[in-house]
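Scroll down for the structure; my scribbles are underneath it.
The values are calculated or read from the model by the stated rules, or taken from the named source; none is laboratory data. A quick note: this is a predicted structure, and the numbers were derived from the prediction, not measured. Backbone-built Cβ (ideal geometry, glycine too); neighbour counts: all protein chains shown. Heavy atoms of the whole protein, side chains included, go into the accessibility calculation; ligands, DNA and RNA do not. Shrake-Rupley method; radii C 1.70, N 1.55, O 1.52, S 1.80 Å.
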Amino acid sequence: MKSIWRDIDFPTFKSLSGDISTDVLIIGGGIAGLLTAYFLDRAGVDYLLVEKNKICTGVTANTTAKITVGQGFNYHKILSLRGKEMAQAYYHANKRAVKEYFSLCKNIDCDFEVKDNFIYSFEKHKIEKELEALEKIGYKAEYCDKLNLPFETAGAVKTKGQAQFHPLKFLAKISENLNIFEQTKVREMVGNTAITEKGKIKAKRVVVATHFPFINKYGGYFLKLYQHRSYVLALKGAPNLDGMYVDASQKGFSFRNYEDYLLLGGGSHRTGKPGGNWNQLKQAAKLWYPNARETARWAAQDCMSLDDIPYIGRYGNRSQNLYVATGFNKWGMTSSMVSAQLLCDMILDKK
């Protein structure tokens, strides 16, 4: 079964034929690449984007599509490992990204809904630590002990005024007039020249927004990323929980509603390792929502960074005009917007 997001008409684009040159080449047609292209287009920059298949058919089409600064108990972790300045920077970058979605989605029919976000846990002391961390960086989140979940918890960190949407409706509109080539696979990079099966693309700057960075000459991302798989069931006949919920632990469950569906996520595991998979979700659905009916299912494989902070910026210390966006740690909607904003500022030589 495919995800419920895929049932829409989507723009199509021709493939590259012959050699071409551009100021900025974006490799990868998921949400990170498309948003980067969108902002460069808006700034009047000469760019083009290439995608080896069709745009938005990878992880972007298999998301739960939550837009939020609340991403697990990240702030306590970042504060402990990297300090207050980094934790504040992470928060403000994500806050700015959420604000941009609110602005863009005013004019796009993409089922955009303002929802509160809840990160729940079964351990009260972990909730308290996250709340303390958020207060230290200047954000006062709420503790919530009354949740619309089918099981008891120790409570949740509540972030008000976040959002959820239909990602492909949003991206179908965003991508309409962008300079895109589909069915154009970059086989290798020779300096700043991309070699494809149908021609060469010479660029002054290159953004690698593929799921996993494919250039191994710089950055060592094959050592700094690992893959994590997660699963989603779309259920009909389950209640509306009126909010977005996720377990602070990677082993727990995720919940959000869309129209008359409840999207139940979970069964996560490191790729190649045993995990709950579909069975865990099916058992949970049967226990909590016995009258609900499964109408769709899908899975995603996310890139995870070692310190829970995405890799956004220069591809490596020796690659001045090569940029990367990866390691979104299952928060690809918000992190893709952060990536697009940061990379466009770098390309435009803004602070």
Largest to smallest principal axis extent of the C-alpha atoms in the range 1-142, angstrom: 59, 37, 27
Computed FRET value (nearest 0.05) for D23 with E123, which takes r as the C-beta separation and R₀ as 45 Å: 0.35
Tail weight of P(r) past 19 Å, computed on alpha-carbon pairs of the range 194-241, percent: 57
C-alpha long axis of helix 84-105 to longest principal axis of the chain, angle in °: 80
Cβ-based charge dipole, the range 24-147, positive-most Cα from N53, A43, A87: A87
Scaled radius of gyration (Cα, divided by 2.2 N^0.38 Å) that the range 216-274 gives: 1.52
Degrees separating the helix 277-288 axis from the principal Cα axis of the chain, which is the longest one: 30
Extension gain from S249 to K14, taking 0.36 nm per residue of separation minus the Cα-Cα distance: 80.3 nm
Karplus (6.51, -1.76, 1.60) ³J(HN,Hα), θ = phi - 60°, over the range 107-120, in Hz, Gly and Pro reported as x: 10, 10, 7, 9, 6, 6, 9, 7, 9, 6, 10, 10, 10, 9
Accessible area per residue, Å², the range 1-92 with all protein chains present, probe 1.4 Å: 42
Neighbour-limited loop hits for chymotrypsin sites (Phe, Trp or Tyr not before Pro), the range 230-271 (at most 14 other Cβ within 10 Å; DSSP other than H, G, I, E, B): none
Where labels lie 7 Å past Cα in the beta-carbon direction, separation of R187 and D46 in nm: 2.6
Probe 1.4 Å, all protein chains present, accessible-area order of W5, W288, largest first: W288, W5
Point-to-point label distance, R96-D307, nm (Cα→Cβ direction, 7 Å offset): 1.9
Extension gain, R270 back to L81 (0.36 nm per residue minus Cα-Cα distance, nm): 65.8 nm
Longest to shortest principal axis, alpha-carbon extents of the range 230-351, angstrom: 56, 33, 22
Length-normalised contact order of the range 215-351 in % [C-alpha pairs under 8 Å, at least 6 apart]: 24
Overall Cα dimensions of the range 85-160, principal axis frame, Å, largest first: 41, 36, 13
Per residue solvent-accessible surface (Å²) - the range 115-260, probe of 1.4 Å: 47
The chain - percent relative contact order, Cα under 8 Å, separation 6 or more: 24
Accessible surface of the chain [probe 1.4 Å, protein heavy atoms]: carbon and sulfur percent: 46
Share, in percent, of DSSP beta bridges within the chain that are antiparallel, nearest 5: 70
In order through the range 301-312: 3J(HN,Hα) via Karplus (6.51 cos²θ - 1.76 cosθ + 1.60), integer Hz, x for Gly, Pro: 10, 9, 8, 10, 8, 6, 10, 6, 10, x, 8, 9
Cα-only radius of gyration and Dmax that characterise the range 279-351, units Å: 18.8, 58
Additional length obtainable on full extension of the chain from K236 to D260, 0.36 nm per residue less Cα span: 8.0 nm
Per-residue HN-Hα couplings for the range 9-19 [Karplus 6.51, -1.76, 1.60; θ = phi - 60°; Hz; x = Gly/Pro]: 6, 10, x, 10, 9, 6, 8, 5, 9, x, 7
Solvent accessible area, Å² - K202, 1.4 Å probe, full protein context: 140
